[in-house]
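The values are calculated or read from the model by the stated rules, or taken from the named source; none is laboratory data. A quick note: this is a predicted structure, and the numbers were derived from the prediction, not measured. Ideal geometry is used to build each Cβ from the backbone, glycine not excepted, and the neighbour counts take in all protein chains shown.
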Amino acid sequence: MTSPVPLRAAVSHPAAVPVALLAVVAAVATSVVVRGAAVTDVHVTAAWLALGAAAGYAVSGSP
Amino acid sequence: MWRGGARWWFSAGEVIGGALTGLVALLLGAVLRPLLPRPVTLAVVAVAAVLLAAHDAGRLSFRLPQNARQVPQLVVFDGRSGPLQFGVEMGTGLRTYMTSALPHLALLTALLLPLGWQALVVGAAFGAGRAAMALTRLVHQPPEGWDSTYATREQPIRAALWVVALAAVLLVAVAGS
C-alpha cells in the first residue's frame, strides 16, 4: 500500500500548480500544432483558464 | 491564521472576486473592442506581453498601475462572512500590491481579445490561481516549509508561469483571428 505522504508532498509543492498549467498548455499545443486539430472552444477555454490561473498564482502574498 | 472552514470561504471569495473583475473587463471590452481594429488589439497585446515580461525579468523598470496598499501580516480568519469578503477583495486583484506583471497581461488580454463570456473565465481562474497558492501552502507539511521551498525555486516557477501565460495568449490570439 502506497503512503499518502508522497502524494501530499507532490500536490502541495510550490511548483505543482505551474507544472499542471504547463501540462494543460502543452496538451492544447500538441492537439492544435502537432496533430493539426481545429481550434475548438475547449482549447480556447483551457487557454483562458491557464492564463488566469497563472496570473493568480504569480501573485504571492496569501494570508 | 485559519480556523474551521474559513480557508474555503476565502478561496470561494477569491474566485468570486476574480469573476467580478472579469465581468468589468467584459463590459469595458465590449465598449473598447468595436473601436479598435483587430490588428491594433493584437499589436497592443503583443507589445504589452514583451514589455511586461521584460519588467518581471528585471530588464525594464516602470511603474505598473496597482493599489499600493499592504494587507496586515497576520489576519485571523473565523466564520464565513469575514473570510468570504476578504477573499472577494483579494480576488479582484485590486486590494493590494501585485508582485508580478502577469495579472496586467491577463487583464489586458481579457479586455481586448475575448469573445464574450471568456473574460469571466479568465477572471475566475485568476481567483482560483490565488486560492491555489494559499491552499497548497496550507496542505504542505509544515506550512512554513512551503515558503522556503518556494523561495529556492521562485525563478523557475515564475518562468514557467510566464511560459504558460504567453502560450495561452498566443492560442487565444490565433483562435480569434
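Values computed for the structure shown
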read-out	value
One residue from A:39, A:17 being closer than 16 Å to residue B:159 by Cβ, within 7 Å of chain B (Cβ to nearest Cβ) and surrounded by 12 or more Cβ atoms within 10 Å (Cβ to Cβ)	A:17
Criterion (more than 14 Å from chain A (Cβ to nearest Cβ), in contact with a Ser or Thr (Cβ under 8 Å, 6 or more places away or on another chain) and either in a helix (DSSP H, G or I) or among the basic types (Lys, Arg) (or both)) met by exactly one of B:59, B:33	B:33
Residue among B:93, B:79 that is surrounded by fewer than 13 Cβ atoms within 10 Å (Cβ to Cβ) and modelled with pLDDT under 90	B:79
Residues located in region B:1-30, provided they are part of a loop (DSSP other than H, G, I, E, B) and within 14 Å of chain A (Cβ to nearest Cβ)	B:1, B:3
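The rows are residues; the columns are (1) more than 7 Å from chain A (Cβ to nearest Cβ); (2) at pLDDT 90 or above.
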position: B:121; (1), (2): no, yes
position: B:127; (1), (2): no, yes
position: B:132; (1), (2): no, yes
position: B:135; (1), (2): yes, no
position: B:140; (1), (2): no, no
position: B:145; (1), (2): yes, no
position: B:148; (1), (2): yes, no
position: B:171; (1), (2): no, yes
